[in-house]
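Chemist: Structure below; questions to follow.
The values are calculated or read from the model by the stated rules, or taken from the named source; none is laboratory data. Values in this document were obtained by computation on a predicted structure and should not be read as measured data. A quick note on method: Cβ atoms are made from the backbone with ideal geometry, for glycine too, and the neighbour counts reach across all protein chains shown.
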Amino acid sequence: MRLVKAEIQGFGRLATGKVNLDSKVIAVVGPNEAGKTTLLRALAYVDNGATLTASERSRGMNVDDSATVVRVQYLLNEGDVAAVEAFDLEDVPQSIWLSRAAGDGTVRESVLPAPRKSIAPLSKALAAVKRAATKKAFGELAYTAPVPSEDGTVDPVDEAHASLRERAENAISSLLAEADAEGPVAPAERRADELRAISHDLSVYGLAQQLAATLGEVIAWVDRADPTAEVASALYGRTPDIVLFGEQDRMLASAHGLSDELVANPPASLRNLAGMAELDLGKVWATFTNGDEGERETLIDRANQTLAAKFDKAWNQSKVTVVLKTEGATLAIRIKQNGNRITQFDERSAGLKMFVALVAFLEVRGKTTPPVLLIDEAETHLHIDAQADLVNTFMTQQQAAKIIYTTHSPACLPPDLGSNIRAVVPDPDNEYRSLIKGSFWDGAAGFSALMLAMGAGAAAFSTARYVVLAEGASEMLVLPSLIKSAVGVADLDYQVAPGLSEVAPEMYPELDLAGARVAYLVDGDQGGLDRRRDLIAGGVPEDRIVTLGALTLENLLDAESYTTTLAKLLKECNPDAVVPDLPDLPDPTAEVWPSFVERWANEHSLKMPGKRIVASRLVEDGCASPSDFGAPILASAHAELQSVLKRASSGATS
């Protein structure tokens, strides 16, 4: 299950807003006091059971206790769908919304499409009724009135039996006619009591047993409980918790002096680690007061064995575990790697230290389903290199389903700037409110939009940064993944920024200010060639422009990965439509693929997802992979870009 969207209404500075959360790692940026932390608090509100005080509700809005202040949407995966398969639903569930009201601590669930009993069994039952409702069957229901006996007495007429044939014929013929006219569900529910009485009488009198059995199937379908609540409950139980990973939980010191005060109130991060180790700090401290060194060593040895077993399950990249050691009255934390090498905890990378704290945090809370993790001011106490290492850990870790964090630091941004950044900025029309922006790249080029969103100055982005200015946000999203795959590297030594397609040609000479060392990349279609001409006319040196050796970037994708992603998005964009299979894509040299698919979608009256959304999903699902045709073209573009950037660097240095 994947968290993809949040909607907020009346929550602090966020009076109204929507945010796309469909990325594994999301950095929330914005000026000081804009409301970045409020966004995290709103997300955490979904699962924390709290209620909003009057001061926590948006100023100038009437946010009563029953008002929904936060909604989040999860998209289901195959495992989630399989978990509710036994409910035999008419429509396969695709998503679940969780919502919270301002003054109510409970979570409300809403599954889409709304769970309904499968209609197929009812239709089958009605077809069986139709086959069983023959003249012969109705003939069995004929009633012979009692005749007088020899003494002249007459038994009373059995009214139920006498009317049975007429009632059965009328009810069944009406049921079948109405089902043909308006569908089977409403007529079956409307006539359920009538059919129930007829079925009962058929059984009492032992008549038309096949007809009675088929009516029983219709009644059984009607009597089957509405699955809405049970399906919602089952899926809610599978949603990842949204939890705040606070500074006290993630800042784990290398050593802790044991004392009565520390044992009574240990730092949160140490309490988590001791809990994971199943180590009673009070018992360890008692061995110092009673002098029982053997008991102390036994407690620490057991704790280290427990940590080794648990970290072995959590850390699948290499053999890393935490080792506890007492040095005098100090409890020291060490890292053991590959079973033998032991190092000081504070000598290790910021990413590894956060990983240790995170594993302990989740372990003591019994989080078996990877949660959505919220981190406020992730760069706190970290120098620039450590921030970059921390972000790399965010991108590769498997303990959390998603990490959403705030930062003020350009060094703490994720590598792919397009899909992984959201901005919270002050509302220019209301000093008490802020706006959430997921697409703040529009209308600007390079890093200028990001600098504006962060409240950062140009100097913050000018530290020897290699920049490739591409046409739009979709290139910024997909190009890094495609090139890394094509040339077989883990990271690129340049960042991709959008803007060429969104800036007037007369502004092109100013784009060099958006990064320290800049190369330009344009598509190989007519639009790209026109843009190249405009760049040169605007004063950009021709030798700093690289032309992609294909019509457009999408044409370099693996065709199956591209169409699979498009098919998923088309179903999400058109939930009430039957989306046909996508046609085979044309030869990548013949036509621009996005134009081809958009034309096909228009012919079928389907809403198309935007290029930015497609690009984001390609990266998120791991489908941003090049085709055999595209890989050498991407490798060539990469080599050209590196050459341009090195020349630009040499020129800047000289």
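Chemist: Looking at the range 77-103, which of the residues that are charged (D, E, K, R) and part of a helix (DSSP H, G or I) is surrounded by the fewest Cβ atoms within 10 Å (Cβ to Cβ)? Outline the logic, then answer.
Modeler: So the first thing to find is which residues in the range 77-103 are charged (D, E, K, R), and the list is 78, 80, 85, 88, 90-91, 100.
Retained after the next criterion (residues that are part of a helix (DSSP H, G or I)): 78, 80, 85.
Values: 78: 7, 80: 20, 85: 9.
Selected residue: 78.
Chemist: Say we look at the range 414-435 and pick out the residues that are surrounded by fewer than 23 Cβ atoms within 10 Å (Cβ to Cβ) and of a type in the set (A, V, I, L, M, F, W, C); which of these is nearest to the chain's Cα centre (by Cα)?
Modeler: Top of the filtered list is 417.
Table: residues versus (1) at pLDDT 95 or above; (2) in a loop (DSSP other than H, G, I, E, B); (3) crowded, with 17+ Cβ neighbours inside 10 Å.
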residue: 575; (1), (2), (3): no, yes, no
residue: 598; (1), (2), (3): yes, no, no
residue: 612; (1), (2), (3): no, no, yes
residue: 618; (1), (2), (3): no, no, yes
residue: 631; (1), (2), (3): yes, no, yes
residue: 635; (1), (2), (3): yes, no, no
residue: 644; (1), (2), (3): no, no, yes
residue: 648; (1), (2), (3): no, no, yes
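Chemist: Let me ask you something else. Pull up the range 486-530, narrow it to residues that are at pLDDT 80 or above and in a helix (DSSP H, G or I), then point me to the one that is farthest from residue 627 (Cα to Cα).
Modeler: Out of the qualifying residues, it is 530.
Chemist: Just to be sure before I move on: is residue 109 in a strand (DSSP E or B) and not hydroxyl-bearing (Ser, Thr, Tyr) in the structure I sent?
Modeler: Yes, satisfied.
Chemist: Then there's this: Does the range 285-306 hold any residues that are exposed (fewer than 14 other Cβ atoms within 10 Å of the Cβ) and assigned to a helix (DSSP H, G or I), and which are they?
Modeler: Passing the criteria: 289, 290, 293, 294, 297, 298, 301, 302, 305.
Chemist: Report, ordered by the first and then the second residue, all pairs with beta carbons closer than 8 Å, sequence separation of six or more or different chains, a first member in the range 38-55 that is part of a helix (DSSP H, G or I), and a second member that is among the polar types (S, T, N, Q).
Modeler: Qualifying pairs under 8 Å: 38/434; 39/406; 40/406.
Chemist: Let me ask something else about it. Report the residue count in the range 533-555 for those that are among the small types (Gly, Ala, Ser) and within 26 Å of residue 625 (Cα to Cα).
Modeler: Number satisfying all stated conditions: 2.
Chemist: Would you mention how many residues in the range 534-571 are part of a helix (DSSP H, G or I) and more than 18 Å from residue 602 (Cβ to Cβ)?
Modeler: Of the residues in the range 534-571, 17 are part of a helix (DSSP H, G or I) and more than 18 Å from residue 602 (Cβ to Cβ).
Chemist: Restricting to the range 118-136, count the residues that are farther than 12 Å from residue 172 by Cα and either of a type in the set (Val, Ile, Thr) or assigned to a helix (DSSP H, G or I) (or both).
Modeler: Step one: filter the range 118-136 for residues farther than 12 Å from residue 172 by Cα, giving 118-125, 135-136.
Filter again for either of a type in the set (Val, Ile, Thr) or assigned to a helix (DSSP H, G or I) (or both), leaving 119-125, 135-136.
Number of matching residues: 9.
Chemist: I need the helices (runs of 4 or more DSSP H) fully contained in the range 195-254, keeping only those with at least 1 residues that are farther than 30 Å from residue 108 by Cα and free of Cβ contacts under 8 Å to residues at least 60 places away in the same chain.
Modeler: Where helices (runs of 4 or more DSSP H) fall fully within the range 195-254 and carry at least 1 residues being farther than 30 Å from residue 108 by Cα and free of Cβ contacts under 8 Å to residues at least 60 places away in the same chain, they are 209-223, 247-250.
Chemist: Can you tell me which of 309, 332, 360 is in contact (Cβ under 8 Å) with a residue 12 or more places away in the chain and either acidic (Asp, Glu) or in a helix (DSSP H, G or I) (or both)?
Modeler: That would be 360, the only listed residue that is in contact (Cβ under 8 Å) with a residue 12 or more places away in the chain and either acidic (Asp, Glu) or in a helix (DSSP H, G or I) (or both).
Chemist: Another question about this same structure. Can we say residue 53 is surrounded by 17 or more Cβ atoms within 10 Å (Cβ to Cβ) and polar (S, T, N, Q)?
Modeler: The answer is no for residue 53.
Chemist: Scan the range 364-382 and tell me whether some residue there is in a helix (DSSP H, G or I) and either over 30 Å from residue 237 (Cβ atoms) or within 20 Å of the chain's Cα centre (by Cα) (or both).
Modeler: Scanning the range 364-382 turns up no residue that is in a helix (DSSP H, G or I) and either over 30 Å from residue 237 (Cβ atoms) or within 20 Å of the chain's Cα centre (by Cα) (or both).
Chemist: Related question: Does residue 269 count as in a helix (DSSP H, G or I), in contact (Cβ under 8 Å) with a residue 40 or more places away in the chain and either of a type in the set (D, E, K, R) or loosely packed, with under 15 Cβ neighbours inside 10 Å (or both)?
Modeler: It is false that residue 269 is in a helix (DSSP H, G or I), in contact (Cβ under 8 Å) with a residue 40 or more places away in the chain and either of a type in the set (D, E, K, R) or loosely packed, with under 15 Cβ neighbours inside 10 Å (or both).
Chemist: Inspect all residues belonging to the range 59-76 and state whether any of them is surrounded by fewer than 22 Cβ atoms within 10 Å (Cβ to Cβ), in a loop (DSSP other than H, G, I, E, B), polar (S, T, N, Q) and in contact (Cβ under 8 Å) with a residue 40 or more places away in the chain.
Modeler: The answer is no, given that none of the residues of the range 59-76 is surrounded by fewer than 22 Cβ atoms within 10 Å (Cβ to Cβ), in a loop (DSSP other than H, G, I, E, B), polar (S, T, N, Q) and in contact (Cβ under 8 Å) with a residue 40 or more places away in the chain.
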